[in-house]
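The values are calculated or read from the model by the stated rules, or taken from the named source; none is laboratory data. Predicted model only: the values in this text are computed from it and were never measured. Note that we place each Cβ from the backbone using ideal geometry, even for glycine, and neighbour counts take in every protein chain shown. Each accessible area value is taken on the protein alone, full model and side chains, heavy atoms only, with ligands, DNA and RNA left out. Shrake-Rupley method; radii C 1.70, N 1.55, O 1.52, S 1.80 Å.
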There are 4 protein chains.
Amino acid sequence: MKNNYQQIISSIYSEIVSGENLGEIPNYISELANISDHKFGVAFLDLNNNSFGKGDFQEKFSIQSISKVFSLILVYKNLGEKLWKRVDVEPSGNAFNSLVQLEADNGIPRNPFINAGALVICDIMLEIFENPKNEMLNFIREISQHENINFNTKVASSEEKNGFRNAAMCNYMKSFGNIKNKPEDVLDLYYHICSIEMTCENLSKSCLFLANGGKNPKNNETILSSSKTKRINAIMLTCGFYDESGEFSFRVGLPGKSGVGGGIVALFPYHYCITVWSPKLNLKGNSFRGMKFLEEFTTQTGESIF
Amino acid sequence: MKNNYQQIISSIYSEIVSGENLGEIPNYISELANISDHKFGVAFLDLNNNSFGKGDFQEKFSIQSISKVFSLILVYKNLGEKLWKRVDVEPSGNAFNSLVQLEADNGIPRNPFINAGALVICDIMLEIFENPKNEMLNFIREISQHENINFNTKVASSEEKNGFRNAAMCNYMKSFGNIKNKPEDVLDLYYHICSIEMTCENLSKSCLFLANGGKNPKNNETILSSSKTKRINAIMLTCGFYDESGEFSFRVGLPGKSGVGGGIVALFPYHYCITVWSPKLNLKGNSFRGMKFLEEFTTQTGESIF
Amino acid sequence: MKNNYQQIISSIYSEIVSGENLGEIPNYISELANISDHKFGVAFLDLNNNSFGKGDFQEKFSIQSISKVFSLILVYKNLGEKLWKRVDVEPSGNAFNSLVQLEADNGIPRNPFINAGALVICDIMLEIFENPKNEMLNFIREISQHENINFNTKVASSEEKNGFRNAAMCNYMKSFGNIKNKPEDVLDLYYHICSIEMTCENLSKSCLFLANGGKNPKNNETILSSSKTKRINAIMLTCGFYDESGEFSFRVGLPGKSGVGGGIVALFPYHYCITVWSPKLNLKGNSFRGMKFLEEFTTQTGESIF
Amino acid sequence: MKNNYQQIISSIYSEIVSGENLGEIPNYISELANISDHKFGVAFLDLNNNSFGKGDFQEKFSIQSISKVFSLILVYKNLGEKLWKRVDVEPSGNAFNSLVQLEADNGIPRNPFINAGALVICDIMLEIFENPKNEMLNFIREISQHENINFNTKVASSEEKNGFRNAAMCNYMKSFGNIKNKPEDVLDLYYHICSIEMTCENLSKSCLFLANGGKNPKNNETILSSSKTKRINAIMLTCGFYDESGEFSFRVGLPGKSGVGGGIVALFPYHYCITVWSPKLNLKGNSFRGMKFLEEFTTQTGESIF
């Protein structure tokens, strides 16, 4: 390794764990509200098979919106470029759950990582797969090389119960003709996918192929073409952090994706993948310590895509 | 060179020059409206001093919004991170001249590459420099290693005469207190900077330091710190192409900046800088052939930041 | 009568029936799409018991949004002024089905005559009445002095089947806490109320108390207090015609309410009530011939509230 | 008089003058910021020549936006209905100085009483009058039967100095082609008209013709046709109180117009005109005591247009 990643990770971890832990755990998902706010894990994995973990990196957490990367890839693999007729690839200037933009754009979401876009992806899954829930789990189990990855149906129900804004968006897009299935079926699939639980270690392993031109690092088999992989990484960079995507690109400089469960996965193409988890979120909905860790990490390693 | 860049450029150039030339030359700047739509130039330059040009790459054109990169760098060098109190770094979900966003964000532009943001940058230049026009020219002459770079005052006047939307934005931001100088002075400086004329060759040379960690490739002297350079590149990627930034990132995968004069400069960090010029613009205001050329270029070289 | 209303009505009716019949019958409610576009009825009734009808004034049609006046009155009678914590009384600058405004105002609809506002009224009906559908029918039967007024359940189902935008709004307001019941129950009540069928004659009779300070013209019993009656009339004037309310006030100068079934009811306080029905709608969703008739009517009588 | 207006006015005046005086005097017009917040005047005048004043009803104050009624009438008299191609008559759902709406409607203001609309009216005055300032003063002097009515040039300058938002709007509309003259000339006329000073007594006298079908109550000469008068009154009702027009219509039930100087003029067609002045403004920019007084007045007299 050019960089002594392990030492840098340990040092930043120590510094952050003893520093302030600002932000809030979101309380709108009752099943997640009681998680300990001291949880903090980091898992690093590179293409030379160097791996390193710190803290709670082997504890499962709710990956929430990070799952949007996996459902997008699954649909993109199957549908190809015509996918982009149903969802755009532009960053969204509004908060992640805004309906204003949908009104202006006739029901076409700005990108697949805002909730509206992810709902369209779920709608497409219902069109192209006989059993989309199984397809999703099978795909994640394959890329994570881990059989024991599942939905947390309690979390899914908990979110669905208060998911009126997502129900609004789904119905709204259906009024524009950009949802083909029943809104309740789309929402059910959406909440299940959001409820997937994984560890930091699982996540880094699952995303490493995105840092490898789309090829499985174990056996060099193609999971996603190199052109599509580049495009997924590009969307992660411009749209992966709600209305803080520009800030993440500016401070960290890596493609990545965050979830309201407090996880962030980021990758340096042709080098490594890294996952951080800490449940307290900043005002934009991204992990406070996760953002801080990754900014320090690319600063101290001196490596980023820019 | 890993890639035979010269051959790839020649081949794509030939293909595009014989293909369709869609889009329109914008007619709101009378001085630019009569330019020949057949103009087409490409200039490549890498850190190993390989350079290669095609077509009209040594003909000056109005760089327009590409100049926003240079004024931003000049202010960022001098003011440092407190600059970001006056302008944000998030992509804008609206058209590049929208006032809606300013209303929602109390006069803080989303990023320094939309017109509103560039006006704030000009306002700061008036605060920190005694003679901001000279500072600007001197800086560009230095980084381009070319003495003969100037404003085109006819173009500046031509734009100013019809620049009511920019005048609206400038006054609007002043009503929020985010413009400190007289709107007419800010606008005068803005239009002069937009009117700078350079060749593709000049532009590639001027921006090469951004692909070199901020250091002058000739003498290794620091023009901009490596951290600031990374951040400028990040903003170019997320915000450099108006409301088509996500699309450019997705298709091309390089930091870059376009102008309504038909120019696009893009760079591959630690490798090369490339400039394309063709005056006809697509619906989003970016050079039709320029976008096409660069998409082909990163596809055929197989290189991008992702 | 100061004015020879009967003669004026006949004359305008003849003129309009032989003139152009522009606009469209909305096709999103399949049950209404096939109605003959030649239907045209007018029913006048004043406080001196003068009544006069022309054309299809005794044929039932779907009153659609005109029913929002009745549900509002029913809730206002029962809940009083605290109703206005849940819905505002300001005209809406957007199209009648816009969600943008709800986002800006945290789920409080601008007024009770846009769909969002009427949904909140239905939600309150579910809270305060054991059987809101019966309450509604009983109230209209009472004020129209007509037992045979009913929902058209086919129309209600037809609308509900394609009512994704209303479902979106209802869920969206629920996400802000401004809907207390299940969205599906609120929507079911809403579509039933919209589906009520009445004749022009029924409608003029039903609304005459609004021109009589809230008192039943037959027996002088108070249906609604004079202060509340004034306020209902005021809301009809400022908000009764979607995004054409200013235009109606400007051209006609009477409080009124339109529906997409092609009906318009209008009243001159302390004088008369008049209903016009013609199914083709202008671009703003109001009856083309209805608007024209009423403009001519107040012009020729020289009477309006202004 | 059916009502004992004098006694009702005296009684309400006493009650309000001894009650709370909430709100703020706006501080953005320095010349107006130091006015005593205890000023409180009422002037009533009816078509039977009954007149009655209370408190500071003979003290001049800055009528500000109330002047928009006079400039609108002057232009409407001269230009007729084609005026409405340049400005609409719909209430505005946004705050009175919003630019969002102008973006959506391509530079056509929603109505002539928001600032944008009044700027268009000034632009038209510059087109049709050789000396629009004189025309304005002459017209007001004529209808008020008072020679000593003037601009307050200090107030005009004071507003112009901080009028960046109006300058923004004016330039913005010019970018859409809906301002024909130089923005600085339009703004200069606008601020002069806003700075007109009148007493409550003057204002009631000036507007009484609007309660008389457009005829001068003194000599029965036509100032404005009855049709145009009705339309002016209609616009006052739907648009006269910024984003509180619906509320004023709902509570008071009279056409009227307010200004940030704390004045409100209201009229009951074919009966009377009444003006109230008290400088402290509520959150929507209307006189706190003025609104309260007029609500009490129409409640106690039991008279309104509804």
Revision key, fill the gap. Per-residue average of other protein chain Cβ atoms inside 10 Å, peptide A:250-260 -> 3
Review point. Counting each DSSP H run of 4 or more residues in chain C as -39500 (n - 2.57), what helix-only mean residue ellipticity at 222 nm follows after dividing by all residues, to the nearest 500 deg cm²/dmol?
Key: -13500 deg cm²/dmol
**Study point:** the stretch C:125-200-the stretch D:217-276 distance, computed between alpha-carbon centres (Å)
**Key:** 37 Å
**Study point:** Size of electric dipole in the protein assembly as shown: Cβ of Lys, Arg +1 and of Asp, Glu -1, about Cα centre, debye, nearest 20
**Key:** 0 debye
Practice item. Return the average number of partner chain Cβ atoms within 10 angstrom of each residue Cβ along peptide C:229-237. Key: 6
**Study point:** Where rotation carries B onto A, the chain B residue whose Cβ is nearest that axis, in whole Å
**Key:** B:GLY93, 1
Point to revise | Surface accessible to a 1.4 Å probe, per residue, for the residues of the protein assembly as shown, Å² | key: 35 Å²
Review point. Which whole number gives the average count of other chain Cβ atoms within 10 Å of the Cβ atoms across peptide C:63-76?
Key: 0
Study note, to complete from the structure: For B:LYS218, the aspartates and glutamates lying under 18 Å Cα to Cα, once residues fewer than eight places off in the same chain are dropped, come out as B:ASP46, B:GLU142, B:GLU147, B:GLU201
Revision key, fill the gap. Per residue convex hull volume, Cα only, the stretch B:1-112, in Å³ is 187 Å³
Point to revise | Under Karplus coefficients 6.51, -1.76 and 1.60, residue-wise ³J(HN,Hα) of the stretch D:289-303 in Hz, glycine/proline x | key: 6, x, 4, 4, 4, 5, 4, 4, 5, 6, 5, 6, 6, x, 10
Review point. For the stretch C:254-262, what does the Karplus curve 6.51 cos²θ - 1.76 cosθ + 1.60, with θ = phi - 60°, yield as ³J(HN,Hα) per residue in whole Hz, taken in order and with x for Gly and Pro?
Key: 9, x, x, 8, 10, x, 6, x, x
Exercise for review: Round to the nearest 10 and give me the degree value, 0 to 90, for the angle of helix A:183-194's Cα axis relative to the longest principal axis of chain A.
Suggested key: 10 degrees
Check your understanding: Based on the Cβ-Cβ distance from A:ASN219 to B:ASN216, what FRET efficiency comes out when R0 is 41 Å, to the nearest 0.05?
Key -> 0.35
Practice item. Heavy atoms only, probe 1.4 Å: what % of the accessible area of the protein assembly as shown goes to carbon and sulfur, would you let me know? Key: 43 percent
Exercise for review: Determine the sum of side-chain charges near D:CYS273: Lys and Arg each +1, Asp and Glu each -1, restricted to other residues whose C-beta is under 10 angstrom from that of D:CYS273.
Suggested key: 0
Check your understanding: Counting Lys and Arg as +1 and Asp and Glu as -1, what is the net charge of the other residues whose Cβ lies under 11 Å from the Cβ of D:ILE29?
Key -> -1
Review point. With springs only between Cα atoms under 10 Å, which of B:GLY93, B:GLY117, B:GLY55 fluctuates most in a Gaussian network model of chain B?
Key: B:GLY93
Practice item. Provide the three semi-axes, in whole Å and in decreasing order, of the ellipsoid equivalent to the stretch B:241-306 as defined by the square roots of 5 times the Cα gyration tensor eigenvalues. Key: 18, 12, 10
**Study point:** Unsatisfied cross-links (Cα-Cα over 22 Å) in the set A:LYS68/A:LYS205; C:LYS230/D:LYS230; A:LYS54/B:LYS228; D:LYS54/D:LYS280; B:LYS174/B:LYS284; B:LYS161/B:LYS257
**Key:** A:LYS54/B:LYS228; B:LYS174/B:LYS284; B:LYS161/B:LYS257
Review point. Where in the stretch B:285-301 does the amide nitrogen come within less than 16 Å of the point 7 Å from the Cα of B:ASN50, taken along Cα to Cβ?
Key: B:297-301
Revision key, fill the gap. The answer for D:ILE25, listing residues at least 5 apart or on another chain whose modeled amide H is closer than 5 Å to its amide H, is D:LEU281
Practice item. Give me the net charge of A:THR199's neighbourhood, meaning all other residues with Cβ under 13 Å from the Cβ of A:THR199; Lys, Arg count +1, Asp, Glu -1. Key: 0
Exercise for review: Leaving out ligands, DNA and RNA, calculate the buried accessible area for the pair D and B with a 1.4 Å probe, summed over both sides, in Å² to the nearest 100.
Suggested key: 1300 Å²
Practice item. For B:PHE61, enumerate residues with amide H under 5 Å from its amide H, sequence gap 5+ or separate chain, H modeled in the peptide plane. Key: B:MET198, B:THR199
Practice item. List the relative contact order of the stretch B:65-194 as a percent without decimals, with contacts defined as Cα pairs under 8 Å and 6+ residues apart. Key: 31 percent
Study note, to complete from the structure: Karplus ³J(HN,Hα) for the stretch B:55-62 (6.51 cos²θ - 1.76 cosθ + 1.60, θ = phi - 60°; Hz, whole; x = Gly/Pro) runs x, 7, 6, 10, 9, 6, 9, 7
Check your understanding: Which shape class applies to the stretch D:139-197: rounded if a/c is under 1.5, otherwise prolate when a/b exceeds b/c and oblate if not, where a ≥ b ≥ c are the square roots of the Cα gyration tensor eigenvalues?
Key -> oblate
**Study point:** Descending Cα extents along the principal axes, chain C, whole Å
**Key:** 53, 41, 36
